[in-house]
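The values are calculated or read from the model by the stated rules, or taken from the named source; none is laboratory data. All values derive from a computational prediction rather than experimental measurement. Positions of Cβ are generated from backbone atoms using ideal geometry, with glycine treated the same way; all protein chains shown enter the neighbour counts. Each accessible area value is taken on the protein alone, full model and side chains, heavy atoms only, with ligands, DNA and RNA left out. Shrake-Rupley method; radii C 1.70, N 1.55, O 1.52, S 1.80 Å.
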Amino acid sequence: MMDPVAWDSPLPYYVAAAVLGYMLGAIPFGLVLTRLSGLGDIRSIGSGNIGATNVLRTGRKDLAAATLLLDGGKGTAAALLGAWYGPDVMLVAAFAAFLGHLFPVWLKFNGGKGVATYLGVMLGVAWPVGVFAILCWLAVAFTLRYSSLSALIAAAASPVVAWFLIGPDVAALAALMAVLVYIRHHQNIARLLRGEEPRIGKKKPEDAAQPPIA
(Lines give C-alpha, C1' and ligand atoms only; values in the text may rest on other atoms or scores of the structure.)
Protein backbone atom coordinates (compact mmCIF):
# COMPACT_ATOMS: atom_id res chain seq x y z
CA MET A 1 0.00 0.00 0.00
CA MET A 2 1.38 3.38 -1.00
CA ASP A 3 2.10 5.72 1.88
CA PRO A 4 0.22 9.02 1.85
CA VAL A 5 2.20 12.12 0.91
CA ALA A 6 4.04 13.36 3.96
CA TRP A 7 3.29 16.90 5.04
CA ASP A 8 6.98 17.68 4.94
CA SER A 9 6.96 16.84 1.23
CA PRO A 10 7.05 19.84 -1.12
CA LEU A 11 4.18 18.44 -3.23
CA PRO A 12 1.32 19.89 -1.10
CA TYR A 13 2.91 23.33 -1.32
CA TYR A 14 3.17 23.11 -5.10
CA VAL A 15 -0.45 22.00 -5.37
CA ALA A 16 -1.66 24.73 -3.01
CA ALA A 17 0.41 27.33 -4.88
CA ALA A 18 -1.03 26.22 -8.21
CA VAL A 19 -4.63 26.26 -6.99
CA LEU A 20 -4.44 29.53 -5.06
CA GLY A 21 -2.41 31.22 -7.78
CA TYR A 22 -4.90 30.16 -10.44
CA MET A 23 -7.92 31.28 -8.40
CA LEU A 24 -6.30 34.65 -7.77
CA GLY A 25 -5.37 35.10 -11.42
CA ALA A 26 -8.85 34.07 -12.57
CA ILE A 27 -10.52 37.12 -11.00
CA PRO A 28 -11.76 39.08 -14.07
CA PHE A 29 -11.26 42.58 -12.72
CA GLY A 30 -12.08 44.30 -16.02
CA LEU A 31 -15.45 42.59 -16.18
CA VAL A 32 -16.17 43.13 -12.48
CA LEU A 33 -15.30 46.84 -12.54
CA THR A 34 -17.30 47.66 -15.65
CA ARG A 35 -20.35 45.83 -14.35
CA LEU A 36 -20.15 47.48 -10.96
CA SER A 37 -19.91 50.86 -12.73
CA GLY A 38 -23.09 50.20 -14.68
CA LEU A 39 -21.34 49.82 -18.04
CA GLY A 40 -22.60 46.34 -18.75
CA ASP A 41 -20.53 43.43 -20.03
CA ILE A 42 -17.14 44.54 -21.35
CA ARG A 43 -17.10 41.43 -23.54
CA SER A 44 -19.88 42.93 -25.68
CA ILE A 45 -17.77 45.81 -27.03
CA GLY A 46 -14.52 46.32 -28.89
CA SER A 47 -12.34 43.25 -28.96
CA GLY A 48 -14.48 41.51 -26.35
CA ASN A 49 -11.42 41.25 -24.16
CA ILE A 50 -11.59 41.77 -20.39
CA GLY A 51 -8.28 43.63 -20.17
CA ALA A 52 -7.46 47.28 -19.61
CA THR A 53 -7.08 48.17 -23.30
CA ASN A 54 -10.65 47.13 -24.03
CA VAL A 55 -11.93 48.75 -20.84
CA LEU A 56 -10.41 51.98 -22.15
CA ARG A 57 -12.82 51.78 -25.09
CA THR A 58 -15.67 52.51 -22.68
CA GLY A 59 -14.24 56.00 -22.28
CA ARG A 60 -13.50 55.41 -18.59
CA LYS A 61 -9.78 55.96 -18.18
CA ASP A 62 -10.10 55.48 -14.43
CA LEU A 63 -11.57 52.01 -14.85
CA ALA A 64 -8.93 51.11 -17.42
CA ALA A 65 -6.18 52.22 -15.03
CA ALA A 66 -7.76 50.29 -12.15
CA THR A 67 -8.05 47.18 -14.33
CA LEU A 68 -4.40 47.49 -15.34
CA LEU A 69 -3.24 47.80 -11.74
CA LEU A 70 -5.44 45.01 -10.40
CA ASP A 71 -4.62 42.58 -13.21
CA GLY A 72 -0.94 43.28 -12.65
CA GLY A 73 -1.32 43.22 -8.88
CA LYS A 74 -2.80 39.74 -8.80
CA GLY A 75 0.26 38.41 -10.61
CA THR A 76 2.58 40.17 -8.17
CA ALA A 77 0.55 39.00 -5.18
CA ALA A 78 0.62 35.37 -6.30
CA ALA A 79 4.39 35.48 -6.74
CA LEU A 80 5.01 37.14 -3.38
CA LEU A 81 2.73 34.72 -1.54
CA GLY A 82 4.46 31.76 -3.15
CA ALA A 83 7.86 33.21 -2.28
CA TRP A 84 7.13 32.58 1.40
CA TYR A 85 7.61 28.88 0.69
CA GLY A 86 10.61 29.09 -1.60
CA PRO A 87 11.59 30.14 -5.10
CA ASP A 88 10.19 27.05 -6.80
CA VAL A 89 6.79 27.46 -5.15
CA MET A 90 6.89 31.13 -6.14
CA LEU A 91 7.34 30.22 -9.80
CA VAL A 92 4.45 27.75 -9.65
CA ALA A 93 2.12 30.27 -8.02
CA ALA A 94 3.13 33.02 -10.44
CA PHE A 95 2.61 30.91 -13.55
CA ALA A 96 -0.70 29.59 -12.23
CA ALA A 97 -1.92 33.17 -11.73
CA PHE A 98 -0.97 33.97 -15.32
CA LEU A 99 -2.86 30.91 -16.56
CA GLY A 100 -5.82 31.89 -14.40
CA HIS A 101 -6.03 35.26 -16.13
CA LEU A 102 -5.81 33.71 -19.59
CA PHE A 103 -8.16 30.83 -18.88
CA PRO A 104 -10.52 31.72 -15.99
CA VAL A 105 -12.95 28.97 -15.10
CA TRP A 106 -15.65 31.59 -14.38
CA LEU A 107 -15.61 32.76 -18.02
CA LYS A 108 -15.49 29.34 -19.66
CA PHE A 109 -11.69 29.61 -19.88
CA ASN A 110 -11.87 32.64 -22.19
CA GLY A 111 -9.95 35.38 -20.38
CA GLY A 112 -7.60 38.22 -21.15
CA LYS A 113 -4.41 38.42 -23.18
CA GLY A 114 -2.20 38.45 -20.11
CA VAL A 115 -0.07 41.56 -20.59
CA ALA A 116 -0.74 43.29 -17.27
CA THR A 117 -0.56 39.99 -15.39
CA TYR A 118 2.69 39.15 -17.18
CA LEU A 119 4.19 42.43 -16.02
CA GLY A 120 2.88 41.91 -12.50
CA VAL A 121 4.27 38.39 -12.32
CA MET A 122 7.69 39.57 -13.43
CA LEU A 123 7.64 42.33 -10.81
CA GLY A 124 6.90 39.78 -8.11
CA VAL A 125 9.31 37.11 -9.29
CA ALA A 126 12.25 39.34 -10.27
CA TRP A 127 11.58 43.04 -9.91
CA PRO A 128 14.51 44.22 -12.10
CA VAL A 129 13.08 42.22 -14.99
CA GLY A 130 9.60 43.50 -14.20
CA VAL A 131 10.79 47.10 -14.20
CA PHE A 132 12.57 46.52 -17.51
CA ALA A 133 9.42 45.01 -19.05
CA ILE A 134 7.27 47.93 -17.90
CA LEU A 135 9.74 50.52 -19.17
CA CYS A 136 10.02 48.66 -22.47
CA TRP A 137 6.24 48.61 -22.83
CA LEU A 138 5.98 52.31 -22.01
CA ALA A 139 8.77 53.27 -24.42
CA VAL A 140 7.16 51.49 -27.36
CA ALA A 141 3.66 52.63 -26.42
CA PHE A 142 4.63 56.30 -26.23
CA THR A 143 6.67 56.24 -29.44
CA LEU A 144 4.63 53.98 -31.72
CA ARG A 145 1.23 54.13 -29.97
CA TYR A 146 0.47 50.42 -30.37
CA SER A 147 -0.51 48.64 -27.16
CA SER A 148 -0.20 45.19 -28.71
CA LEU A 149 3.20 45.85 -30.24
CA SER A 150 4.42 47.23 -26.92
CA ALA A 151 3.35 44.02 -25.21
CA LEU A 152 4.91 41.79 -27.85
CA ILE A 153 8.27 43.54 -27.73
CA ALA A 154 8.35 43.60 -23.92
CA ALA A 155 7.41 39.92 -23.74
CA ALA A 156 10.07 38.96 -26.28
CA ALA A 157 12.84 40.95 -24.60
CA SER A 158 12.12 40.03 -20.98
CA PRO A 159 13.30 36.39 -21.10
CA VAL A 160 16.65 37.52 -22.48
CA VAL A 161 17.04 40.12 -19.75
CA ALA A 162 15.94 37.57 -17.13
CA TRP A 163 18.59 35.11 -18.34
CA PHE A 164 21.42 37.57 -17.87
CA LEU A 165 20.16 39.33 -14.73
CA ILE A 166 18.56 36.50 -12.75
CA GLY A 167 19.02 33.02 -14.16
CA PRO A 168 17.55 30.25 -16.32
CA ASP A 169 14.53 29.44 -14.11
CA VAL A 170 13.08 32.95 -14.26
CA ALA A 171 14.05 33.21 -17.93
CA ALA A 172 12.16 29.99 -18.64
CA LEU A 173 9.07 31.30 -16.86
CA ALA A 174 9.25 34.58 -18.79
CA ALA A 175 9.72 32.74 -22.08
CA LEU A 176 6.81 30.37 -21.45
CA MET A 177 4.52 33.26 -20.60
CA ALA A 178 5.79 35.17 -23.62
CA VAL A 179 4.79 32.30 -25.91
CA LEU A 180 1.28 32.40 -24.49
CA VAL A 181 1.15 36.19 -24.85
CA TYR A 182 2.03 35.81 -28.54
CA ILE A 183 -0.60 33.11 -29.01
CA ARG A 184 -3.25 35.29 -27.39
CA HIS A 185 -2.20 38.19 -29.62
CA HIS A 186 -2.37 36.28 -32.90
CA GLN A 187 -5.16 38.49 -34.23
CA ASN A 188 -3.26 41.64 -33.24
CA ILE A 189 -0.16 40.33 -34.98
CA ALA A 190 -2.16 39.76 -38.16
CA ARG A 191 -3.59 43.29 -38.00
CA LEU A 192 -0.13 44.75 -37.38
CA LEU A 193 1.19 42.99 -40.47
CA ARG A 194 -1.73 44.33 -42.51
CA GLY A 195 -1.34 47.84 -41.07
CA GLU A 196 -4.84 47.68 -39.57
CA GLU A 197 -4.04 47.59 -35.86
CA PRO A 198 -5.60 50.60 -34.07
CA ARG A 199 -3.28 52.85 -32.13
CA ILE A 200 -3.77 53.57 -28.44
CA GLY A 201 -6.83 55.76 -27.93
CA LYS A 202 -8.24 54.98 -31.38
CA LYS A 203 -11.16 52.71 -32.09
CA LYS A 204 -11.22 49.95 -34.64
CA PRO A 205 -13.57 50.72 -37.55
CA GLU A 206 -16.15 48.21 -36.34
CA ASP A 207 -16.07 49.75 -32.87
CA ALA A 208 -17.00 53.20 -34.14
CA ALA A 209 -20.29 51.85 -35.46
CA GLN A 210 -21.29 50.42 -32.10
CA PRO A 211 -23.63 52.40 -29.85
CA PRO A 212 -22.34 53.50 -26.44
CA ILE A 213 -22.71 51.01 -23.62
CA ALA A 214 -25.93 51.52 -21.72
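Some notes on this structure:
- Here VAL55 passes the criteria (1) over 22 Å from ALA178 (Cα atoms); (2) out of contact with any Phe, Trp or Tyr (no Cβ under 8 Å at 6 or more places or on another chain); (3) open to solvent by 60 Å² or more (accessible area, probe 1.4 Å) except the one numbered (3).
- Residue among ALA141, ALA171 that is open to solvent by less than 50 Å² (accessible area, probe 1.4 Å) and at pLDDT 95 or above: ALA171
- All conditions in (1) open to solvent by 80 Å² or more (accessible area, probe 1.4 Å); (2) under 20 Å from the mean Cα position of the chain (by Cα); (3) not hydrophobic (A, V, I, L, M, F, W, C) hold for THR34, with the sole exception of (1).
- Condition check for ILE153: surrounded by fewer than 23 Cβ atoms within 10 Å (Cβ to Cβ), under 25 Å from SER47 (Cβ atoms), out of contact with any helix residue (DSSP H, G or I) (no Cβ under 8 Å at 6 or more places or on another chain) and among the aliphatic types (A, V, I, L, M): no
- Matching option when the condition is out of contact with any helix residue (DSSP H, G or I) (no Cβ under 9 Å at 6 or more places or on another chain) and of a type outside the set (Gly, Ala, Ser), among LEU56, LEU11, LEU20: LEU11
- Filter result (in a helix (DSSP H, G or I), in contact (Cβ under 8 Å) with a residue 12 or more places away in the chain, among the hydrophobic types (A, V, I, L, M, F, W, C) and open to solvent by less than 80 Å² (accessible area, probe 1.4 Å)) within the stretch 174-201: ALA174, ALA175, MET177, ALA178, LEU180, VAL181, ILE189, LEU192
- Per the conditions (1) open to solvent by less than 60 Å² (accessible area, probe 1.4 Å); (2) touching a Phe, Trp or Tyr at 6+ places or on another chain (Cβ under 8 Å); (3) closer than 18 Å to ALA26 by Cβ, the sole criterion not satisfied by LEU70 is (1).
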